[in-house]
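What follows is a single structure, written as structure tokens, with notes after it.
The values are calculated or read from the model by the stated rules, or taken from the named source; none is laboratory data. Keep in mind that what you see is a predicted model, and the values were worked out from it rather than measured. No Cβ is skipped: glycine too gets one built from the backbone with ideal geometry, and neighbour counts run over all protein chains shown.
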Amino acid sequence: MKIINKLFYYLIRFYQKYLTILSFGSCRYHPSCSSYAIMQFEHNNFFIAFYRSIFRILRCNPLSDGGFDYPTTKGKFTKGEFKRIRVKYWYVPKDKNNYFILQNWKINNQDKPTNVNE
Amino acid sequence: MSMNNNQNKQDTQKRILLATLISFVFFIAYDFLYLQPQQQAQMQYAKEHPKVDSKNVNVNSVDTNTVGLAKTNAIPNIKEVNKETIASTITTMNAIYEIDSLGRIAQVTLREKKYVDEEGKSLKLFNSTQLKPLEVRFADAALNKKAFDTVVSVSSNKLEVLNNSQVLTITQNLGTTVLTKKIEFFADGHYKLNISTSNNQNYFITPGYRPDIAADMYANHGALLMKNDATIEMIKDEDMDNATELVGIQAASAFDRYYTTVLYNFDKNMQVSVMKSKDDSPESFIHVANKALLYGYAGPKEYKLLKSFNPQLTHIIEYGWFTFLAKPMFVMLQYIHNIVGNWGWAIIITTILLKLVLSPLSHKGMVSMNRLKELAPKIKQIQEKYKDDKQKASMHMMELYKKEGANPMGGCLPIILQIPIFFSIYRVLLNSIELKGADWIWFVQDLTHKVSMSNLMDPYIIIPILMGATMFIQQKITPNQMQDETQRKMFMMLPFVFTIFFIFFEAGLVIYWTVNNIFTISQQYYINKMFETQREERAKAHDAKKSHKGK
């Protein structure tokens, strides 16, 4: 992650940890806007991630239907190595170049997750 | 597993409590240890260095700054003449301008009632030891030295400009060169300056050092230059670094939170040098070749007044980086103030109008939220089942909503929209001279008043308490899906936390938040009632059907 992406990543993490009580149970989407933004900043370049996150928040209002809306990224996968990994994200093909990013179900906190992407 | 879960919950609770506590401690400490001493130091300074009445005081050899520009047009050093007497006094409708024996504006005293303190002392804009507006420095060093040793002659030593404009001519005879300043004063306090030399000299003229009344940590102060492409170059006092030169300037202002001294001409493109003053603040010098036409003003940054001089001049009122939203907010508040004549009511009406504009959004949100009551048992089931994995719970919840064809959440946008509205009102209260000391009703005599740490018995504390109460009621009547006991407790504490937080904010801002809550409560109440009657009707219809079938 680039530094600016990292900054936004930690800002949103901070919000998730300490401030969600203020906006509890508002999001009309899964994953929630903050999770969506985090995944965006983890996978895409800053401008795309920022634009998509803002656009997601704009859509997250009572006039839209809400529902399932997964972030996407252009996949650039290296060949898999034969070792034990912890899965953090699943990448589900959307079309030729793009993949949906799905968070794996709860992973054990004691092990540091390894990202399969690159 | 459940032990572990409990542990987790307690951790979360502790974390959130700790975060809240830390932010409070930080906020209060910042106010107490930093802002308050700053203000006290300033008051102390003001006491020790009273704004001297220049009529009877000798200011000995003020050492004006060293200018490091190694150019032909460098602004030279000067030593000031020893005697400083007032050559002319101009009284306008709202100010008294005093011109000193070197043809500069020595002091501006504000006449309006709101600028007179309890002891009957009028507000004086300038610190007499600093650079004065309309000071001229010649590019020619010898000529410059002479200019600071030569007393000017004025066409009149007293002018009363209460209706039509009047002209004061200041001439300074420097032997080979004669400098002439023709200043036309207008009753509203601004002036038009025609400046020229008899033999094509190059020189610099300044709007002076910024007013020194409200230069505090709460808002910006320094120099502000407007360019011909409508952009603004602001140099805050603390950011003043090296001397710079700017071109295409149409207005040069030196300002503190509420007051300005400005020279402008929106038909010209001027070259301006920004120099470091002796206390490292920026000072602007406009380059003039032989002659120039300039307009000027020194006084409060009142929107209406500046607009009447020149609409473009309103851009010198700045609200920090948030100007782009704070300014429209101010314009709206002022529009309503013009109708109702009271800033407190203007804030309240603006709040209600904003809520009305956003009400289609919030109405729809509230209506869908009422579905929560019906879905509650199923939501509880899901939350129980997946309490260890929030992601999974959220996904299943979304599946449920899809199945039921209803999304009970209000959305993130309505919550985020609150932030810019809140912040723009905050900035307007901080920076607008119009709102300083503006009253509302009853004991609320100043909408910018804050309860201080040392005086918690202040009656103004009623407003944040009222705010807390409305927030509490709002929470009570809003349906929510919080099943988790810890979260619920935290949530219930919020009105209390917000009350404490809001104690240290401007009264006007707390009033905004309170009215905001009251509006939400009424809207929610109306929708709850609507749903109740619907439910009753449905139940009745159902009963009627049943009894019909039974027959």
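When B:E318 is tested against (1) closer than 30 Å to A:Y70 by Cβ; (2) of a type in the set (D, E); (3) away from every other protein chain (no Cβ under 11 Å), exactly one condition is not met: (1). Inspect the stretch A:59-71 for any residue being assigned to a helix (DSSP H, G or I), over 21 Å from B:P408 (Cβ atoms) and within 11 Å of chain B (Cβ to nearest Cβ) and give the result as yes or no. The answer is no, given that none of the residues of the stretch A:59-71 is assigned to a helix (DSSP H, G or I), over 21 Å from B:P408 (Cβ atoms) and within 11 Å of chain B (Cβ to nearest Cβ).
Residues in the stretch A:1-23 that are under 25 Å from B:L494 (Cβ atoms) and buried (at least 17 other Cβ atoms within 10 Å of the Cβ): A:I12, A:Y18, A:I21, A:S23.
One residue alone among B:K392, B:K355, B:K378 is over 23 Å from B:T514 (Cα atoms), touching a Phe, Trp or Tyr at 6+ places or on another chain (Cβ under 6 Å) and surrounded by fewer than 19 Cβ atoms within 10 Å (Cβ to Cβ), and that residue is B:K392. Counting only residues that are within 18 Å of the chain's Cα centre (by Cα), polar (S, T, N, Q) and either part of a strand (DSSP E or B) or on the phi > 0 side of the Ramachandran plot (or both), the stretch B:213-264 holds 3 of them.
Of everything in the stretch B:239-295 that is of a type in the set (S, T, Y) and without any contact (Cβ under 8 Å) to a residue 60 or more places away in the chain, the residue that is nearest to B:K124 (Cα to Cα) is B:T260. Just a yes or no: is a residue in the stretch B:332-344 more than 14 Å from chain A (Cβ to nearest Cβ) and either closer than 26 Å to B:T478 by Cα or among the acidic types (D, E) (or both)? No, there is no match, as no residue in the stretch B:332-344 is more than 14 Å from chain A (Cβ to nearest Cβ) and either closer than 26 Å to B:T478 by Cα or among the acidic types (D, E) (or both). Applying the condition of being part of a helix (DSSP H, G or I) and aliphatic (A, V, I, L, M) to the stretch B:286-331 and asking which residue is surrounded by the fewest Cβ atoms within 10 Å (Cβ to Cβ) yields B:V331. Within the stretch A:22-35, the set of residues being of a type in the set (G, A, S) and within 7 Å of another protein chain (Cβ to nearest Cβ) comprises A:S23, A:G25, A:S26, A:S32. A count restricted to the stretch B:397-424 and to residues that are within 9 Å of chain A (Cβ to nearest Cβ) and either more than 37 Å from the chain's Cα centre (by Cα) or acidic (D, E) (or both) stands at 7. Among the criteria (1) surrounded by 16 or more Cβ atoms within 10 Å (Cβ to Cβ); (2) of a type outside the set (S, T, Y); (3) within 20 Å of A:S34 (Cβ to Cβ); (4) more than 8 Å from chain A (Cβ to nearest Cβ), the one B:I348 does not fulfil is (3).
Among the residues of the stretch B:468-497, which ones are assigned to a helix (DSSP H, G or I), at pLDDT 75 or above and among the hydroxyl-bearing types (S, T, Y)? Talk me through it step by step, then tell me what you get.
First, the residues of the stretch B:468-497 that are assigned to a helix (DSSP H, G or I): B:468-477, B:485-497.
Filter again for at pLDDT 75 or above, leaving B:468-477, B:488-497.
B:T470, the sole residue that qualifies.
Put simply, of B:L375, B:L358 the only residue that is in contact with a Leu (Cβ under 9 Å, 6 or more places away or on another chain), more than 7 Å from every other protein chain (Cβ to nearest Cβ) and modelled with pLDDT of 80 or more is B:L358. Only one of the numbered conditions (1) modelled with pLDDT of 85 or more; (2) assigned to a loop (DSSP other than H, G, I, E, B) is violated by B:E119, and that is (1).
Considering A:I101, A:I54, A:I38, the condition of being surrounded by fewer than 17 Cβ atoms within 10 Å (Cβ to Cβ), more than 28 Å from B:P479 (Cβ to Cβ) and either facing another protein chain (nearest Cβ under 8 Å) or aliphatic (A, V, I, L, M) (or both) is satisfied by A:I54 alone. For the stretch B:381-435, what are the residues that are hydrophobic (A, V, I, L, M, F, W, C), modelled with pLDDT of 80 or more and in contact with a Ser or Thr (Cβ under 7 Å, 6 or more places away or on another chain)? Correct list: B:C412, B:I415, B:L429.
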